[in-house]
Each structure stands twice: as C-alpha cells, then as structure tokens.
1. In this structure, does residue B:232 turn out to be under 16 Å from the mean Cα position of the chain (by Cα), over 30 Å from residue B:114 (Cβ atoms) and more than 11 Å from chain A (Cβ to nearest Cβ)?
2. Write out, first by first residue and then by second, each pair whose Cβ atoms fall under 9 Å of each other, whose residues are 6+ apart or on separate chains, and whose first residue, in region B:253-269, is part of a helix (DSSP H, G or I) while the second is among the basic types (Lys, Arg) and surrounded by 19 or more Cβ atoms within 10 Å (Cβ to Cβ).
3. For region A:32-47: of the residues being among the small types (Gly, Ala, Ser) and modelled with pLDDT under 85, which is nearest to residue A:177 (Cα to Cα)?
4. Residue check: is residue A:143 out of contact with any Lys or Arg (no Cβ under 8 Å at 6 or more places or on another chain), within 14 Å of chain B (Cβ to nearest Cβ) and surrounded by fewer than 18 Cβ atoms within 10 Å (Cβ to Cβ)?
5. In region B:70-112, which residues are surrounded by fewer than 21 Cβ atoms within 10 Å (Cβ to Cβ), facing chain A (nearest Cβ under 7 Å) and small (Gly, Ala, Ser)?
6. Output the number of the condition that residue A:162 fails; it satisfies all remaining conditions of (1) on the phi < 0 side of the Ramachandran plot; (2) loosely packed, with under 14 Cβ neighbours inside 10 Å; (3) modelled with pLDDT under 75.
7. Anything in region A:230-270 that is under 12 Å from the mean Cα position of the chain (by Cα), β-branched (Val, Ile, Thr) and farther than 15 Å from residue A:95 by Cβ? List them, or say none.
8. Scan region A:78-99 for residues that are free of Cβ contacts under 8 Å to residues at least 40 places away in the same chain and either of a type in the set (Gly, Ala, Ser) or on the phi > 0 side of the Ramachandran plot (or both) and jot them down.
Amino acid sequence: MRVLFKTSYDQDIDLLVLPGERMRVGALIALAILAPLLLSSYYLSELAIFFSFALAGIGLMVLTGFSGQVSFGHAAFVGIGAYVHAVLVARGVPFPLALAAAGLLAGGVGAALGRAVSAMHGFYLAIATLAFSIVMETVIGAMEPVTGGHMGMPVPGIALFGVALEEAWQQHYLYLAVLLFFVWGVANLMRAPTGRAMIAVRDSETSARSLGIDVRSAKMTAFFVSALIAGVAGGLLAHQLQYLSPETFGVGMSLKLMLMIVVGGLGSISGAIFGAVFVSFLPNAIDALRALMPDGLVSQAGLESFIFGAFIAAFIIFEPDGLHGRWRKLRLFLETYPYYKRATFIRQKRYLKTGRFR
Amino acid sequence: MEMSDVAQLSLIGVSQGCGYALVALGFVFIYRATEIVNFAHGELMMLGAFTVLTFAELLGLGFWLGAALGILSLGVFGYLLDAVVMRRVIGESQASVFILTVALGLMLKALAGMIWGYGARSLPSPFQTDVHFGGIVIGLDRIAVILATVLICGLLWLFFSRTRLGLAIQAASQNQLAAYYSRIPVKRLVSLVWAIAAMVAAVAGLMMAPVTQVDTEMSLFGIKAFAGAVVGGFGSIPGALMGCLIIGVAEPFLDYAFPPLKGVYAYILMLAVLFVRPEGLIPQTYQKKV
C-alpha cells in the first residue's frame, strides 16, 4: 500500500493526489490544446467526435461505474440531447442556451426514469433501460413534424455569440472546453457527499441505507447527472454528425458506450477516457487487421460487431477492472518491485446474492 | 372489430405468447439456477432455427430428423457455453455478467450472419396448412406452437418434480453450497440447466420459424420474451408464462389500436408494469434483512 504523506490541509481537497498524476494529466491537456497544430482538419473533426463520445462515456460512468446502476439504454439520452439541441438551434436559440436546454431536458427525463426505476435493482433496471431506449427510438421516429421521423433532420452549424465557428480548430477548442468542464465537475462531484453517497449505494445498498443515506434520492441524482452529461454530449455530437436519424441512437450506440466504460474500467473517470480512445480507434485497428486476414473473412459484414463483442467478453472474463485496473497493477508492480503480490487485487466473490424462499 | 376478428387476434396472440413463453422458460431456468440473466437467449433461439435449417434443408435430412439433430446440437452448445465461458464469471458483479451475456449475444449474431448470411430464409415445416373453424382461419403452425408449449411445460414439470436429477437441480438452485455439501455435482448440473435452456430455445426457434422467417433479426424475439418474463415476475415459471401470454395477447390489439408505435408495445407494457410493481406481478426475490 502507498502511504501519502500530507503536509498541509489543502492536500485533502486536491483532485489529483498521487505524485506524477498532475504531470500526466497536465501533459494530456497540453497535448489536446496543441492538437490543431499537429493534425489536419479531418482528424480534428474525428477528434471532436471522440470528445463527444468520451463525454457520453463519462455520463454513463457516473451511473454505471460510480452508482452501480446498469443502463443499456444510454444512447436514448444522447439522442434526446441531440434532437432537442438541433431543434432549438434550428429555431434560432443561441448555442449555449440550446446546449443547456438539451442537457437539462435529457437530465429531467433521466431523473423521471430514475425515480420510476429506483425501486428496481439488478437486471430489472438493465432491461427497463434497454426497453426505454427501444421505445424512445420509435417515439423519435414517430414524432415526424418535429424530428423529421426516419427521414432524418439536418443540423445547422455552430454560432457562438454571433460568431460562426466553421473552422475545425475553433470547434476543437469549444469541445475540449466542454469536456474538461464536465471532467472537472464529475471529479468534484465524486469527492462531495452526493458522489460518495452514490459510491456507497453501488457497494452495498443495505449498508448505505443503514448509514442514513437516502438510497432513492442518490439513485435519482445519479440518473439526473448522468443523463444531463449524456444530453450535452448528444448536443455536441449532433454538430459533428450533421444529419440526425433515430437509428443512430439505437441499441448499437448504447452497447458502444457500455464497451467504452467496461474496457476503460468501471469506477474511474480516466477509465471513461481510456475506453473512448479504445473504442474510437478500434475500427481503425480492425481495418489494419483486415490486411492480415484471409480474403473470405475480410468481406464479412458482421466482423466488426463480432470483434466488439469479443473484446467486451474478453475484458469481463480476464480483466474486469479494464485498462484503468491494468494500469494500476502495472504501476504498483514497478513501484514495489520485487515485492509485488498478485493477491493485492483479488476481490472476494459472492455467490447467489438474493434470498429465495422457493 | 367484429367478434370473429377478436377471436382470431386473441388466438394468434396466444400462440405468439406461447412462442415467447418457450424462450422465457429457458432464461428463467438459468436465472433460478445461477442468478445469471442470459441476454443472449434470443440469439440461442436464432442459432437453433439456423441449425435445424442446416440439417433439414441444406443437408437434406428432412424436417423431423433435422429438428432432432438441431435441438441436440444446441444442447451441446449450451453445455459448452456454460462450461467454458459462464463458469468463469460466477461470483463477479451482476452488472459485469449482464454485459458479458449481451456481448456473447452480439458475437453469436455476427457469427450467424457470417455463416448463414443476412437474408431471410424460410424453413418448410409439415404444419403449413390453414385450419378453419367457426369463421376463424388460423395456420396449423400457430396451433402447433401452443401444443408444443403445453407439451414441453408438462415434460419439464415431470422432469423437475419427479426425477432424481430434476430434484438435484432444484436443490442446487435453492442453495448451491448446501447442495454441494450433499454431494450434488453443482457445476455439472448448472451446465446441464444451460443445455436444457438452449434446447428449449431451439424448439422455440424451430416452432416460430414458419411465422417469423429465419434470419438474424429473430434474436429480437428474445428481448420481447424477456419483457414478458419481467411482466410476470422473473423468478417464477408460472409467472413468466403468464406474463408472456399477456404480452402476446395484448400486442396485436394494441398494434391495431394505435399503429405508429407498432412493434414496441411489449416494452411499453413492461415499463408500465415495472413502474407499478417493480418486481413483476408475482415477486420471487425479497430484500435482504439485516
């Protein structure tokens, strides 16, 4: 175990406590700020899509990673955010207001769903969110006068305070700012009583309740925050997709978000970012792999989703803590060499959790 | 709507509900034995339909022999799926296990698409005539689904309540540790439950094949069966059967009443029931007392 030697009370409220962490995060942010100098505008717009997905992943991380509420329907909130934002911007509402409204509306729907499902646990919740997302996709398709139905609707460009942001580098900075704001916000939230209550609910609902935590409201807050972030991510994503159709926000996207946080590592903000990097560059890696594979396999349509599924399965079976967990193990290995023990990270397993009377 | 239309729609609904029930039986068994919720059960059903199609049509063995071989091979597949994959994650957090089964479903679907292609195929069955009685016209295949469901439920009930093996499975699903102490081979029995569930799913795939066509989208049927099981209460078999019948019968009427939301009424109904009674109509699990 690492012993942190604290020399002032200010260290208790630092977000980045471990030595070197500050430097690594700073280097990452500096790299993101310098990106427009290094990349062409095509890669910058790819990067903007990556930022939107990372943001949605952070949203899902608040719900699934920190509060333990599995959601297989998070794409629905991204979709609600995207449509609300696009419709408002098309009606002439300024960009920041539209984005805030998209986030708040998605958050409101999320809180309503959270209130309704707060009595459910385990898979009832997973199936309810999955059903919610399927119903939402159909409802968006059926609301043709507003959303254009299955024909889709175009998204107008971004204009911030009267200045049109058409260049890729301008959008890059806007997206980066929004992402960093939410990363900072979530990091703070998770340190505050609200966030700690969510983590307590994840670890044991019974213990959380006996410590005087209002489980119901903790879950509702988690749903609200999570859906709000997903809605904002949807608003940002809409501008990069340029054309919205209900199918975009289907079960496939929910699974992609789930893959992100599982691969990154449940229960850490850096996990969501690692996972988003992984998911965004997996298609490129698959393309690169195609050159090595026999011809018959390359042309198969299902190859990509098969590899997606295989990666999720492999991570759950062999590394449930994801890339973040792997990184922690590697760091501990280097720091404590030659005294590293594999057993440090073994978690106790629990069998048949619910009491059954028949 | 006339009286005969109502009767016709309800009969179709009952047979559709029986199809859901066949799929639901499988994952309720798995859930009771291991507390694993198998989101990939619809994919197992699809795989069953494809295997039967392969044996019966592509290898030309005829319907009955093809069906028997297909069901058996799905049983072997289910046994191996548990022995090789699912056994490793027992004891992991429930959320991880759902995500794993969803991923398995994704892989199975992609694999089926790669092997058999994405076009819909039809599986000729011996039940393809229409039956007329009292102004109602209904396909014999629809009636066959109902009969098969009743038959399978009866057989499974006999198996679980009258044979030594069935009783051992019941014991293992009530308390794994106690069963293990009484020399019940819990690991093998759990794999056997998976095999039975996969076989029942294959029967469902086979019986519903004339109605839905055989293609990779068949796996969506599994999610609707899921909705049915949740409506009834997941932990109990009568509850799951009842829920599936409710969903099956309500669906055609609701589709008729308000067509824009056609196809998603099963989920709307499930959400509505869950909001009122979060544990389903017949609850089976209780909150832990401290």
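The values are calculated or read from the model by the stated rules, or taken from the named source; none is laboratory data. This one's a predicted model, so the numbers in the text were calculated from it and none came from an experiment. Cβ sites come from the backbone with ideal geometry, for glycine too, and all protein chains shown count toward neighbours.
1. Working: under 16 Å from the mean Cα position of the chain (by Cα): yes; over 30 Å from residue B:114 (Cβ atoms): yes; more than 11 Å from chain A (Cβ to nearest Cβ): yes.
So residue B:232 fits the description; yes.
2. B:266/B:224; B:267/B:224
3. Just the residues of region A:32-47 that are among the small types (Gly, Ala, Ser), to begin with: A:32, A:35, A:40-41, A:45.
Still in the list and also modelled with pLDDT under 85: A:35, A:40-41, A:45.
On the way: A:35: 14, A:40: 20, A:41: 18, A:45: 15 Å.
The extreme case among them is A:35.
4. On the way: out of contact with any Lys or Arg (no Cβ under 8 Å at 6 or more places or on another chain): yes; within 14 Å of chain B (Cβ to nearest Cβ): yes; surrounded by fewer than 18 Cβ atoms within 10 Å (Cβ to Cβ): yes.
In short, yes.
5. Within region B:70-112, B:91, B:96 meet the criteria.
6. With (1) on the phi < 0 side of the Ramachandran plot; (2) loosely packed, with under 14 Cβ neighbours inside 10 Å; (3) modelled with pLDDT under 75 applied to residue A:162, the lone miss is (1).
7. So in region A:230-270, the residues under 12 Å from the mean Cα position of the chain (by Cα) come out as A:230-234, A:253-270.
From the residues that got through so far, the ones that are β-branched (Val, Ile, Thr) too are A:232, A:261-263, A:269.
Passing the criteria: A:261, A:262, A:263, A:269.
8. A:92
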